[in-house]
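Step one of this worksheet: look at the structure below.
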């Protein structure tokens, strides 16, 4: 039974979702994992144009709030969150597939990051802007190390400092790939929010498919093969690009591998507490992560879920 939507309450709740994290900055990064998905739930039952009007209206209020509070850095969170919400709302209304929705959300977050990089550069120089972001990250890490040294009362092992230097080098080298993986996780988590709260209205084959049936487009395998070749045999900038692309694509194929693992758990009727123990072990060990990625990649050639024999009828 359909009920007439209460537009005033939808507008108020959307304002809370978009504006409160601007005031309480500490919750903004984590809240982005669910905020766009919540806006999809709030705009259920109304037209696409009206849903976009609510989001755009609150985006304008958020921009005004950032100006009044003199916090331009909050604009990044606001634009990313509101824009991703619009992408997901369009995907929901148009019944896009789960993979298409994930890729669209990932692409939008990448574009907004590029805008941030451009704004950081002088004369709209993309490389200059990226270098400035890297420099800022490096300085923040060095300040953290210096603060730790100061608080440690002179007792500071050299091994820890060497480890910290190596950690900083890894972060800087793999920053694009790490950000890309975060964008994938952010898009996926916001797809799952309406999947949970709108389960009765969502079709399994549209927008948010059953996780155990998650399957990436087969042509994507050639992209990860190319990225792997560049990562292992490329030189200079090609090697760096290949490594970061491989990191992002591995995170996507990790999801497919995890879907296959969940599929077999379901078929074998593995108890829930044992499933979660295995999930945790797979995720906290590097070889577990690699194993799941290999399972996801192998599904392209071996169709692992199709190899389960059909149940015999009594």
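The values are calculated or read from the model by the stated rules, or taken from the named source; none is laboratory data. What you see is a predicted model, and the numbers here were worked out from it, not measured in a lab. Cβ atoms come from the backbone with ideal geometry, glycine included; neighbour counts cover every protein chain shown.
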Residue among 104, 91, 60 that alone is touching a helix residue (DSSP H, G or I) at 6+ places or on another chain (Cβ under 6 Å), within 22 Å of residue 7 (Cα to Cα) and part of a helix (DSSP H, G or I): 91
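Restricting attention to the range 263-275, which residues are part of a helix (DSSP H, G or I) and loosely packed, with under 11 Cβ neighbours inside 10 Å?
Looking only at the range 263-275, we keep the residues that are part of a helix (DSSP H, G or I), and these are 263-267, 272-275.
Those that are part of a helix (DSSP H, G or I) and loosely packed, with under 11 Cβ neighbours inside 10 Å: 272, 273, 274.
Across the range 150-176, what is the total count of residues that are over 27 Å from residue 247 (Cα atoms) and either surrounded by 11 or more Cβ atoms within 10 Å (Cβ to Cβ) or modelled with pLDDT of 85 or more (or both)? Outline the logic, then answer.
Step one: of the range 150-176, the residues over 27 Å from residue 247 (Cα atoms) are 150-159.
Checking the rest, the ones that are also either surrounded by 11 or more Cβ atoms within 10 Å (Cβ to Cβ) or modelled with pLDDT of 85 or more (or both) come to 152, 156.
Number satisfying all stated conditions: 2.
Inspect the range 212-228 for any residue being assigned to a helix (DSSP H, G or I) and farther than 30 Å from residue 127 by Cα and give the result as yes or no. Give the derivation first.
Going through the range 212-228, the residues assigned to a helix (DSSP H, G or I) turn out to be 212-213, 220-228.
Remaining after also requiring farther than 30 Å from residue 127 by Cα: 212-213.
Checked against the condition, which is being assigned to a helix (DSSP H, G or I) and farther than 30 Å from residue 127 by Cα, the range 212-228 yields at least one hit.
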Restricting the range 13-45 to residues that are at pLDDT below 90 and farther than 15 Å from residue 77 by Cβ, the residue that is surrounded by the fewest Cβ atoms within 10 Å (Cβ to Cβ): 45
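Let me confirm something: among 179, 127, 147, which residue is part of a helix (DSSP H, G or I) and modelled with pLDDT of 85 or more?
Values: 127 fails: modelled with pLDDT of 85 or more; 147 fails: modelled with pLDDT of 85 or more.
Matching residue, one of 179, 127, 147: 179.
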